[in-house]
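Notes follow once the structure below has been shown.
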Amino acid sequence: MFCMILMTCLSWFTSTPVLSDGLLLSLVTLWSLHRADQIVNFFLGIQFPARYLPYAMMTMDFLFIGGFPYAAFYGWMSAQAYYYLSVDLPSQGGLNYIPTPQLVYRVFGQVRRNDPHAPNARMASTNNPIPQRPGGGNFWGQGRRLG
(Lines give C-alpha, C1' and ligand atoms only; values in the text may rest on other atoms or scores of the structure.)
Protein backbone atom coordinates (compact mmCIF):
# COMPACT_ATOMS: atom_id res chain seq x y z
CA MET A 1 0.00 0.00 0.00
CA PHE A 2 2.82 2.38 0.90
CA CYS A 3 4.60 1.68 -2.39
CA MET A 4 1.43 2.23 -4.40
CA ILE A 5 0.69 5.57 -2.72
CA LEU A 6 4.27 6.76 -3.12
CA MET A 7 4.33 5.72 -6.79
CA THR A 8 1.05 7.52 -7.41
CA CYS A 9 2.43 10.72 -5.86
CA LEU A 10 5.65 10.49 -7.87
CA SER A 11 3.70 9.87 -11.07
CA TRP A 12 1.40 12.80 -10.43
CA PHE A 13 4.31 15.21 -9.95
CA THR A 14 6.18 13.95 -13.02
CA SER A 15 3.12 13.41 -15.26
CA THR A 16 3.96 9.78 -15.99
CA PRO A 17 1.45 6.92 -15.82
CA VAL A 18 1.40 4.39 -13.01
CA LEU A 19 1.75 1.00 -14.63
CA SER A 20 1.92 -2.52 -13.33
CA ASP A 21 5.66 -2.55 -14.09
CA GLY A 22 6.32 -0.36 -11.08
CA LEU A 23 4.12 -2.40 -8.75
CA LEU A 24 5.76 -5.61 -9.92
CA LEU A 25 9.24 -4.20 -9.48
CA SER A 26 8.41 -2.93 -6.00
CA LEU A 27 7.35 -6.46 -4.99
CA VAL A 28 10.46 -7.98 -6.59
CA THR A 29 12.67 -5.41 -4.87
CA LEU A 30 11.20 -6.14 -1.44
CA TRP A 31 11.53 -9.88 -2.04
CA SER A 32 15.14 -9.52 -3.17
CA LEU A 33 16.04 -7.32 -0.20
CA HIS A 34 14.79 -9.98 2.19
CA ARG A 35 16.53 -12.81 0.29
CA ALA A 36 19.65 -11.05 -0.95
CA ASP A 37 21.96 -14.08 -1.07
CA GLN A 38 19.56 -16.53 -2.71
CA ILE A 39 20.60 -17.53 -6.24
CA VAL A 40 17.97 -16.76 -8.88
CA ASN A 41 17.64 -17.73 -12.53
CA PHE A 42 17.01 -14.98 -15.03
CA PHE A 43 16.58 -14.65 -18.78
CA LEU A 44 18.15 -17.63 -20.64
CA GLY A 45 19.40 -19.31 -17.46
CA ILE A 46 21.68 -16.55 -16.16
CA GLN A 47 22.21 -17.08 -12.43
CA PHE A 48 23.09 -14.39 -9.89
CA PRO A 49 22.24 -13.37 -6.30
CA ALA A 50 18.71 -12.08 -5.76
CA ARG A 51 19.96 -8.65 -4.66
CA TYR A 52 20.69 -7.87 -8.34
CA LEU A 53 17.31 -9.01 -9.71
CA PRO A 54 15.59 -5.57 -9.67
CA TYR A 55 18.52 -4.03 -11.56
CA ALA A 56 18.45 -6.83 -14.12
CA MET A 57 14.72 -6.34 -14.62
CA MET A 58 15.14 -2.57 -15.07
CA THR A 59 17.95 -3.18 -17.56
CA MET A 60 15.73 -5.54 -19.56
CA ASP A 61 12.93 -2.95 -19.48
CA PHE A 62 15.39 -0.34 -20.74
CA LEU A 63 16.50 -2.61 -23.59
CA PHE A 64 12.99 -3.67 -24.59
CA ILE A 65 11.22 -0.30 -24.50
CA GLY A 66 14.16 1.72 -25.79
CA GLY A 67 13.88 4.43 -23.16
CA PHE A 68 14.17 4.97 -19.45
CA PRO A 69 11.65 2.78 -17.54
CA TYR A 70 10.16 5.45 -15.28
CA ALA A 71 7.41 3.23 -13.87
CA ALA A 72 9.90 0.51 -12.92
CA PHE A 73 12.26 3.08 -11.42
CA TYR A 74 9.45 4.55 -9.30
CA GLY A 75 8.59 1.04 -8.09
CA TRP A 76 12.20 0.37 -7.16
CA MET A 77 12.49 3.73 -5.39
CA SER A 78 9.27 3.27 -3.41
CA ALA A 79 10.29 -0.25 -2.33
CA GLN A 80 13.70 1.03 -1.17
CA ALA A 81 11.96 3.75 0.86
CA TYR A 82 9.56 1.23 2.40
CA TYR A 83 12.37 -1.18 3.30
CA TYR A 84 14.40 1.58 4.88
CA LEU A 85 11.48 2.92 6.95
CA SER A 86 10.13 -0.47 8.04
CA VAL A 87 13.23 -2.67 8.38
CA ASP A 88 16.56 -0.81 8.28
CA LEU A 89 15.70 2.17 10.45
CA PRO A 90 14.04 0.13 13.27
CA SER A 91 16.95 -2.35 13.30
CA GLN A 92 19.34 0.57 13.91
CA GLY A 93 17.33 1.72 16.92
CA GLY A 94 15.02 4.16 15.15
CA LEU A 95 11.25 4.26 15.07
CA ASN A 96 9.15 2.06 12.82
CA TYR A 97 7.37 4.69 10.73
CA ILE A 98 5.30 2.13 8.83
CA PRO A 99 3.93 -0.35 11.39
CA THR A 100 1.92 -3.36 10.27
CA PRO A 101 -1.82 -2.75 10.81
CA GLN A 102 -3.39 -4.76 13.65
CA LEU A 103 -5.95 -6.14 11.18
CA VAL A 104 -3.16 -8.12 9.49
CA TYR A 105 -2.14 -9.64 12.83
CA ARG A 106 -5.75 -10.50 13.65
CA VAL A 107 -6.32 -12.20 10.31
CA PHE A 108 -2.99 -14.01 9.88
CA GLY A 109 -1.65 -14.15 13.42
CA GLN A 110 1.67 -12.86 14.64
CA VAL A 111 4.72 -15.03 14.05
CA ARG A 112 7.88 -14.27 15.97
CA ARG A 113 11.01 -14.45 13.84
CA ASN A 114 12.95 -16.79 16.16
CA ASP A 115 9.99 -19.03 16.99
CA PRO A 116 10.89 -22.72 16.42
CA HIS A 117 7.19 -23.45 15.85
CA ALA A 118 6.87 -20.92 13.03
CA PRO A 119 5.50 -22.36 9.75
CA ASN A 120 8.84 -22.32 7.89
CA ALA A 121 11.14 -22.90 10.87
CA ARG A 122 11.44 -26.63 10.23
CA MET A 123 12.52 -26.10 6.63
CA ALA A 124 15.45 -23.92 7.65
CA SER A 125 16.46 -26.15 10.55
CA THR A 126 19.61 -28.25 10.25
CA ASN A 127 18.33 -30.67 12.89
CA ASN A 128 16.15 -32.46 10.33
CA PRO A 129 18.48 -33.85 7.65
CA ILE A 130 17.15 -36.03 4.86
CA PRO A 131 17.05 -39.60 6.19
CA GLN A 132 19.59 -41.85 4.49
CA ARG A 133 19.92 -45.61 4.24
CA PRO A 134 22.76 -47.27 6.11
CA GLY A 135 24.45 -48.30 2.84
CA GLY A 136 24.02 -44.85 1.28
CA GLY A 137 21.32 -43.35 -0.88
CA ASN A 138 18.03 -41.81 0.19
CA PHE A 139 14.51 -43.03 0.95
CA TRP A 140 13.01 -41.65 -2.23
CA GLY A 141 11.21 -44.81 -3.22
CA GLN A 142 12.02 -47.62 -5.62
CA GLY A 143 11.49 -45.72 -8.81
CA ARG A 144 9.74 -47.23 -11.79
CA ARG A 145 10.66 -46.85 -15.39
CA LEU A 146 8.04 -45.09 -17.51
CA GLY A 147 7.11 -46.44 -20.91
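Within segment 20-36, can you find the residues that are hydrophobic (A, V, I, L, M, F, W, C) and touching a Gly at 6+ places or on another chain (Cβ under 9 Å)? Before you say what the answer is, go through the steps one by one.
So the first thing to find is which residues in segment 20-36 are hydrophobic (A, V, I, L, M, F, W, C), and the list is 23-25, 27-28, 30-31, 33, 36.
Passing the criteria: Leu23, Leu24, Leu25, Leu27, Val28.
Among the residues of segment 45-59, are any under 30 Å from Val104 (Cα atoms) and in contact with a strand residue (DSSP E or B) (Cβ under 7 Å, 6 or more places away or on another chain)?
Looking through segment 45-59, at least one residue is under 30 Å from Val104 (Cα atoms) and in contact with a strand residue (DSSP E or B) (Cβ under 7 Å, 6 or more places away or on another chain).
Whether any residue in segment 34-50 is open to solvent by 40 Å² or more (accessible area, probe 1.4 Å), basic (Lys, Arg) and in a helix (DSSP H, G or I) is what I want to check.
no
Among (1) in contact with a Leu (Cβ under 8 Å, 6 or more places away or on another chain); (2) buried (at least 16 other Cβ atoms within 10 Å of the Cβ); (3) assigned to a loop (DSSP other than H, G, I, E, B), where does Asn96 come up short?
Of the numbered conditions (1) in contact with a Leu (Cβ under 8 Å, 6 or more places away or on another chain); (2) buried (at least 16 other Cβ atoms within 10 Å of the Cβ); (3) assigned to a loop (DSSP other than H, G, I, E, B), the odd one out for Asn96 is (2).
If you check Cys3 against the conditions, is it open to solvent by less than 70 Å² (accessible area, probe 1.4 Å) and without any contact (Cβ under 8 Å) to a residue 40 or more places away in the chain?
Working: open to solvent by less than 70 Å² (accessible area, probe 1.4 Å): yes; without any contact (Cβ under 8 Å) to a residue 40 or more places away in the chain: no.
Against the criterion (open to solvent by less than 70 Å² (accessible area, probe 1.4 Å) and without any contact (Cβ under 8 Å) to a residue 40 or more places away in the chain), Cys3 does not qualify.
Yes or no: Phe13 over 12 Å from the mean Cα position of the chain (by Cα), open to solvent by 80 Å² or more (accessible area, probe 1.4 Å), within 25 Å of Ile98 (Cα to Cα) and not hydroxyl-bearing (Ser, Thr, Tyr)? Steps first, please.
Values: over 12 Å from the mean Cα position of the chain (by Cα): yes; open to solvent by 80 Å² or more (accessible area, probe 1.4 Å): yes; within 25 Å of Ile98 (Cα to Cα): yes; not hydroxyl-bearing (Ser, Thr, Tyr): yes.
Answer is yes for this residue.
Is it true that some residue in segment 71-92 is open to solvent by 50 Å² or more (accessible area, probe 1.4 Å) and either touching a Lys or Arg at 6+ places or on another chain (Cβ under 6 Å) or not in a helix (DSSP H, G or I) (or both)?
Yes, segment 71-92 contains a residue that is open to solvent by 50 Å² or more (accessible area, probe 1.4 Å) and either touching a Lys or Arg at 6+ places or on another chain (Cβ under 6 Å) or not in a helix (DSSP H, G or I) (or both).
The values are calculated or read from the model by the stated rules, or taken from the named source; none is laboratory data. The structure presented is a predicted model; accordingly, all values stated were derived computationally and were not measured. Every residue, glycine among them, receives a Cβ derived from its backbone with ideal geometry; neighbour counts consider all protein chains shown. Note: accessible area is taken over every heavy atom of the protein model, side chains too, but ligands, DNA and RNA are not part of it. Shrake-Rupley method; radii C 1.70, N 1.55, O 1.52, S 1.80 Å.
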